[in-house]
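Here the structure is laid out as structure tokens; the discussion comes afterwards.
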Amino acid sequence: MTDSTLTALARIHGTVSVVGSMNADYTVTTERLPRPGETVNGGPLQILPGGKSGNQAAAAARIGAAVQLFGAVGDDANADFLLGKLGDAGVNTANVLRVEGPSGTTVITVDAHGENTIVYSPGSNAQVSVEYIESMRERLIASGVLGLCLESPIETVTAAARICHKAGVKVLVNNSPFMAVLPQELIALCDILLVNEHEMAQMLGITEPEHDDWSAFDWHAALEQLRELGFEQTIVTLGDDGSVVLDAIADDVIPIAPVAVTPVDTTGCGDAFMGTVLAGLASGFALHEAAQLASYVSAYAATGLGAQASYGTTAQIKERFARR
């Protein structure tokens, strides 16, 4: 880990709002992922804290940001479990709703190479309403940046973006779970888009490179296409090949180097990346600086099992990569 990145990690201090989902992740490890109709043996079932928004909030809080989370849990045992784990990570959950019914859940299978399959059941996340978000207006805009994903109703996501955009709060939208066509209003309210390479290709209607080799891809052309869609700044993550910042404002393409680790479980690594970008932007870092920092934080997350359970503190991440 470079000295400059170590220094940047120690300077995280900003305020972040995250609107969205919290899930209990029912996780089983297997030698390989099952094919359709096939049964494979797995290890012990583990229940781990997750949900894209909860993960993003936890990742940002672990490295020093002041994070408040807005969303809903149910009236089951998972609700106390999720709120307790988020509190342990340093996330402010005082504004989270409690509603009737089950909390959000996911069923996750992880193979010996750290790859996974995920099935999402929204539960209480589907009850995060526009009215609730509007009642949280003053608390939402108290932060420097807003993080959104699409595990909440799209009208709620758009309402949160509208409130924060109007107040001058930077809005970062992660198009996941993926929607091929985002509402035009949401695009107009979004400052930064975060997608992976496959999602970007589907949004732009382009063919992906053979063998998933993006080294010769025309990123400047993608920048222009994304600008035409309405996105001035985009981060495209490339898995273990790093990421690319497409900045139409500066008319610049900035590759972000990958951080090599031996993965144990990649569940939640994208959320760790997103949470770190939120924390970096809220702390005054440029987009490419926040993305570089996120490479290290998400790489650390890949070395542990689960999503939030694998996220490191500033001290843990510095210790892990300072030896490089």
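The values are calculated or read from the model by the stated rules, or taken from the named source; none is laboratory data. The model shown is predicted, which means the values in this text are computed figures rather than measured ones. Heads up, the Cβs are rebuilt from the backbone with ideal geometry, glycines too, and the neighbour counts pull from every protein chain shown. Quick note on the areas: whole protein, heavy atoms, side chains included, nothing else; ligands and nucleic acids left out. Shrake-Rupley method; radii C 1.70, N 1.55, O 1.52, S 1.80 Å.
Conditions tested, residue by residue: (1) farther than 20 Å from Gly275 by Cα; (2) among the aliphatic types (A, V, I, L, M); (3) outside any helix (DSSP H, G or I).
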| residue | (1), (2), (3) |
| --- | --- |
| Ser143 | no, no, yes |
| Leu146 | no, yes, yes |
| Ser152 | no, no, yes |
| Glu155 | yes, no, no |
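Can you find a residue that is farther than 30 Å from His220 by Cβ and under 17 Å from the mean Cα position of the chain (by Cα) anywhere in region 181-204? The answer is no; no qualifying residue exists.
For (1) on the phi < 0 side of the Ramachandran plot; (2) under 15 Å from the mean Cα position of the chain (by Cα); (3) surrounded by 24 or more Cβ atoms within 10 Å (Cβ to Cβ), each residue gets a yes or a no:
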{"residue": "Leu246", "(1), (2), (3)": "yes, no, yes"}
{"residue": "Ile254", "(1), (2), (3)": "yes, no, no"}
{"residue": "Ala257", "(1), (2), (3)": "yes, no, no"}
{"residue": "Gly270", "(1), (2), (3)": "yes, yes, yes"}
{"residue": "Val277", "(1), (2), (3)": "yes, yes, yes"}
{"residue": "Ser295", "(1), (2), (3)": "yes, yes, no"}
{"residue": "Leu305", "(1), (2), (3)": "yes, no, no"}
{"residue": "Gln308", "(1), (2), (3)": "yes, yes, yes"}
{"residue": "Ala315", "(1), (2), (3)": "yes, no, no"}
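If you go through region 87-119 and keep only what is more than 19 Å from the chain's Cα centre (by Cα) and small (Gly, Ala, Ser), you end up with Ala94, Gly101, Ser103, Ala112. Taken together, the residues in region 211-262 that are without any contact (Cβ under 8 Å) to a residue 24 or more places away in the chain and either among the aromatic types (Phe, Trp, Tyr) or assigned to a helix (DSSP H, G or I) (or both) amount to 8.
For the residues Ala72, Ala79, Ala65, Ala8, the requirement of being in contact with an Asp or Glu (Cβ under 9 Å, 6 or more places away or on another chain), of a type in the set (Gly, Ala, Ser), within 25 Å of Cys149 (Cβ to Cβ) and in contact (Cβ under 8 Å) with a residue 40 or more places away in the chain singles out Ala8. Flag: Ser129 does not match the condition of being closer than 20 Å to Val73 by Cβ, of a type outside the set (A, V, I, L, M) and either open to solvent by 50 Å² or more (accessible area, probe 1.4 Å) or touching a residue at least 40 places away in the same chain (Cβ under 8 Å) (or both). Screening the candidates Gly101, Gly114, Gly54 for the property of being assigned to a helix (DSSP H, G or I) and either touching a residue at least 24 places away in the same chain (Cβ under 8 Å) or under 23 Å from Thr314 (Cβ atoms) (or both) yields one hit, Gly54. Is it the case, given these coordinates, that Glu208 is among the charged types (D, E, K, R), in a loop (DSSP other than H, G, I, E, B) and open to solvent by 60 Å² or more (accessible area, probe 1.4 Å)? Yes; evaluated as a whole, the condition is true for this residue.
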